[in-house]
Amino acid sequence: MSTAVSESTGVTVHSWMPSSPCGAGCLPAEANGVSIPTVVVRWCLVVSALATAPLLTAGWLLPRSWRTGLQRRYAAILLRCVGIRLVVVDHRGKRRHTGGILAVAGHVSWTDVLVLSALAPANFVARGDLLDWPVLGSLARRMRVVPIERQSLRALPATVATTAGRLRAGERVVAFPEGTTWCGRAYGGFRPALFQAAIDAECPVQPISLRYTGRGGELTTGPCFVGEETIGQSIRRIIRQKGVIAEVRLAPIEYPGECRRDLAARCERAARGDERIDLAAHDIVDPLQGAVGVAAAGIEAAERLVA
């Protein structure tokens, strides 16, 4: 398969590799900042929370039933430490699925993991280099993250198989089918590949709508993690923000069927709901456009594995 190298990042990319045109220009022009004492307090709380995080995954210290509840509360507390309030609207109805389930949502920021963990502990399908991040990487390994190597097309079937195995074992697995983060004002499509895991495991899928707003209900891109920003820079910026709300809507579950394309399309419609986003107003251009040239045979090979 033909490949190319992104001039901006030096990373080998493929035609199937998820890319987002969102960057620094998507961030709010003016910071809605909190006071310096509040920033100091938030930093102290975040550092304290991260320092105690390994205790939540220590099997020798806490029974599994206790760890599950504590991990959920820990995620909710850490969200509040960085100044984000969680609001949940549940449209699932009275019937609840109790076995393995694949939860899918759009991807805006690393804070999405905290938001969805606050709903219920889960295994996450996440970028492979997350395991190498300081502090958060150690926590990710303890939380049994399923790594997905975006640069390696050949590694994708193994990721799908691992995900299916955990679903068969009755675990809750969360995936972000866009494959990368977007700012929330615009978004990418749900790629079908990981939905094959739900079909193989014969498990339902829980579509989740996730958006970040201000106190007045207006959409905000403040928490987004896009472009060349590092995790440290992102944390510093988010901690300085004021009045951010993570709005979560749990849609009715979707049953797998036999076609991952159809399943992905159904889940994307459910996750987006009635939301309408004007992409023209976003005024964005794909930074990788023109950097990647792939032969027709390479595109066909990628589509057979990813579609």
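The values are calculated or read from the model by the stated rules, or taken from the named source; none is laboratory data. The model shown is predicted, which means the values in this text are computed figures rather than measured ones. Cβ atoms come from the backbone with ideal geometry, glycine included; neighbour counts cover every protein chain shown. Please note that ligands, DNA and RNA were not included when accessible areas were found on the heavy atoms of the full protein model with its side chains. Shrake-Rupley method; radii C 1.70, N 1.55, O 1.52, S 1.80 Å.
What to note about this one:
- Selection status of Ala49, closer than 26 Å to Gly214 by Cβ, in contact with a Cys (Cβ under 9 Å, 6 or more places away or on another chain) and at pLDDT below 85: yes
- In region 226-256, residue farthest from Tyr187 (Cα to Cα) [restricted to those that are out of contact with any Gly (no Cβ under 8 Å at 6 or more places or on another chain) and polar (S, T, N, Q)]: Gln233
- The residues listed here are Glu247, Glu275; of these, the one that is within 30 Å of Cys44 (Cβ to Cβ) and either in a loop (DSSP other than H, G, I, E, B) or at pLDDT 90 or above (or both) is Glu247.
- Residue count for region 173-195, restricted to those that are surrounded by fewer than 21 Cβ atoms within 10 Å (Cβ to Cβ) and either β-branched (Val, Ile, Thr) or not in a loop (DSSP other than H, G, I, E, B) (or both): 1
- When each of Val125, Val113 is tested for being under 14 Å from Val145 (Cβ atoms) and either of a type in the set (Ser, Thr, Tyr) or open to solvent by 40 Å² or more (accessible area, probe 1.4 Å) (or both), the lone residue that passes is Val113.
- Looking only at residues of region 222-247 that are under 15 Å from the mean Cα position of the chain (by Cα) and buried (at least 20 other Cβ atoms within 10 Å of the Cβ), we find that the one that is farthest from Ser117 (Cα to Cα) is Val226.
- Across region 196-221, the qualifying residues are those that are part of a loop (DSSP other than H, G, I, E, B) and hydroxyl-bearing (Ser, Thr, Tyr), and the one among them that is nearest to the chain's Cα centre (by Cα) is Thr221.
- Residues of region 177-224 classified as out of contact with any Lys or Arg (no Cβ under 8 Å at 6 or more places or on another chain) and among the β-branched types (Val, Ile, Thr), total: 4
- In region 81-105, of all residues being charged (D, E, K, R) and part of a strand (DSSP E or B), the one that is most open to solvent (accessible area, probe 1.4 Å) corresponds to Arg85.
- Any chance Glu149 is surrounded by fewer than 20 Cβ atoms within 10 Å (Cβ to Cβ) and modelled with pLDDT under 95: yes
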